[in-house]
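The values are calculated or read from the model by the stated rules, or taken from the named source; none is laboratory data. Predicted model, so just to flag it, every value in this text is computed and none were measured. FYI the Cβ positions are ideal-geometry reconstructions off the backbone, even for glycines, and counts take in every protein chain you see. Areas reflect the complete protein model, heavy atoms only, side chains present, ligands, DNA and RNA absent. Shrake-Rupley method; radii C 1.70, N 1.55, O 1.52, S 1.80 Å.
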Amino acid sequence: MDSMYLRRLVSATPVCALIFSTSAAQAQQTSGAITLFNNVRVFDGRGTSLSEPTNVSVRGNLIETISRTPVPVDRSATTTIVDGGGRTLMPGLIDNHWHAMLARTTPAQAFGDVGFNNLMAGDEATDTLMRGFTTVRDVGGPVFGLKRAIDEGIVKGPRIYPSGAMLTVTSGHGDFRQLTDLPRTIGGMLTRMEQLGGAMVVDSPDEVRVRAREQLMQGASQVKLTAGGGVSSPFSPIDVTTFTEAELRAAVEAAENWGTYVVAHAFTPAAIRGAIAAGVKCIEHGFLMDEATAKLIAEKGVWLSMQPLPEDLRLGFPMGSVQRAKADEVWPGIARSYELAKKYKIKTAWGTDVLFSRDLAQQQGAILASLARWYTPAEALVMATSTNAELLALSGKRNPYPGKLGVVEQGALADLLLVEGNPLDNINLIADPANNFKIIMKDGKIYKNTLAK
């Protein structure tokens, strides 16, 4: 192929440009600068205790050496030496149910000015990283542009595993159209919600295939659909199952053809069972599941991605609203679901599902710490690091960041936090990242260092 033609093709094709630039950046980082953390106690993301005083070196974007003995390094201008002072070095945190474009915006703003929303989401992405969350799995929203801006260094933010637009049916969870948008004409004009890529309405297996493939074409690492009713959607009763089995299977087939998986929003036993029967690999929420359904999830080896939703989120819906009534229906099931997940040893991931609230987004670490109601600090932090990373790895070759995440081990990607104190003794340390996270590193680059002051 002519080299001039290839350059023109790459410059005209954002996906290709991103692949080329990301590969070049990764190659450069692998042979790049060195950071040495001396005298740290390591939480490796898997265990239940800290190491003895240890030294950890990072070369480029990878953890190179972990040693009880001194690590020799070239003390050049590209070498940073950190005296850890016995502080805790741990993996960056992972939020597996995040909405980067919707966390801070209001519902009214969500379908408003695109430029404003992207700038606001970029600012929130920087805040997310400064809370110690170096990776998020985005399960619904027009996030591809933000992800690219972060990956190319234009905006500071976490790694993003994007789903793109969530797939929903008419009146399903995620269908935020107004009644004035009805009746829908199949193949007709897209609504504002669909034009922006927030959600796509699909009412047949063929439509599911098209919209799923469109998300994958744009770079989705997994496909998100809503198999049952939801709280925030105005016309989506909680008890309703939405997709037919043929529609669910169409999404699963499209994702599996691309070597990745489908994640399904589902609260009720019927919605969960329908999704599992169609081949869905991960259930989001599951807060109204019964014991038999929990047992089925465990037997099938399906992931359960849950969120200890804060009471403030429920109270944020106005009294008398349909959303508040549905929240009141769902919230009592949260504790029961965690108990069932533990009882049947379900593969459980963690996330927050913050929507439409900057104040709640700022509590991201506190929401993680609230897992102490059911788990030890070590169990909660393992869930938010190495366990969450295992779920991310289900994306196979669609993984936008191949490599080991969520662990401190040789050869892993260097997403690291230096914490004042021991979060395995006091998990509430992660609820105050401004004071307790002294260093935040993502991909081998230090984004925060208050030790240097």
Within region 356-375, is even one residue modelled with pLDDT under 95, in a helix (DSSP H, G or I), hydrophobic (A, V, I, L, M, F, W, C) and under 30 Å from Met90 (Cα atoms)? yes
So Leu355 fits all but one of (1) in contact (Cβ under 8 Å) with a residue 40 or more places away in the chain; (2) out of contact with any His (no Cβ under 7 Å at 6 or more places or on another chain); what number is the exception? (2)
Looking at region 432-453 only, could you name the residues that are of a type in the set (A, V, I, L, M, F, W, C), modelled with pLDDT of 95 or more and open to solvent by 40 Å² or more (accessible area, probe 1.4 Å)? Ala434, Ile446
Could you please give the count of residues in region 139-154 that are open to solvent by less than 40 Å² (accessible area, probe 1.4 Å) and assigned to a loop (DSSP other than H, G, I, E, B)? 4
Provide a single number: the residues in region 165-196 that are without any contact (Cβ under 8 Å) to a residue 60 or more places away in the chain, over 15 Å from Thr241 (Cα atoms) and open to solvent by 20 Å² or more (accessible area, probe 1.4 Å). 15
Provide a single number: the residues in region 308-322 that are surrounded by 12 or more Cβ atoms within 10 Å (Cβ to Cβ) and either charged (D, E, K, R) or touching an Asp or Glu at 6+ places or on another chain (Cβ under 7 Å) (or both). 3
Could we say that Ala384 is open to solvent by 40 Å² or more (accessible area, probe 1.4 Å), in a helix (DSSP H, G or I), of a type in the set (Gly, Ala, Ser) and closer than 21 Å to Val302 by Cα here? no
Among the residues of region 238-283, what is the count of those that are open to solvent by 50 Å² or more (accessible area, probe 1.4 Å), under 19 Å from Glu299 (Cβ atoms) and aliphatic (A, V, I, L, M)? 2
What number of residues in region 64-123 are among the polar types (S, T, N, Q), touching a Ser or Thr at 6+ places or on another chain (Cβ under 7 Å) and within 30 Å of Glu194 (Cβ to Cβ)? 2
Among residues of region 99-118, those that are over 21 Å from the mean Cα position of the chain (by Cα) and modelled with pLDDT under 85, counted: 4
Considering (1) part of a helix (DSSP H, G or I); (2) in contact (Cβ under 8 Å) with a residue 40 or more places away in the chain; (3) out of contact with any helix residue (DSSP H, G or I) (no Cβ under 7 Å at 6 or more places or on another chain), say which one Tyr338 fails and leave the rest. (2)
Within region 408-428, track down each residue that is at negative phi and surrounded by fewer than 20 Cβ atoms within 10 Å (Cβ to Cβ). Glu409, Gln410, Glu420, Asn422, Asp425, Asn426, Asn428
Among the residues of region 401-418, are any at pLDDT below 95 and either among the basic types (Lys, Arg) or more than 26 Å from Arg68 (Cα to Cα) (or both)? yes
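Please tell me if Asn96 is under 22 Å from Thr450 (Cα atoms), in contact with a helix residue (DSSP H, G or I) (Cβ under 7 Å, 6 or more places away or on another chain) and modelled with pLDDT of 95 or more. Give the steps one after another, and end with the answer.
Numbers: under 22 Å from Thr450 (Cα atoms): no; in contact with a helix residue (DSSP H, G or I) (Cβ under 7 Å, 6 or more places away or on another chain): yes; modelled with pLDDT of 95 or more: yes.
It is false that Asn96 is under 22 Å from Thr450 (Cα atoms), in contact with a helix residue (DSSP H, G or I) (Cβ under 7 Å, 6 or more places away or on another chain) and modelled with pLDDT of 95 or more.
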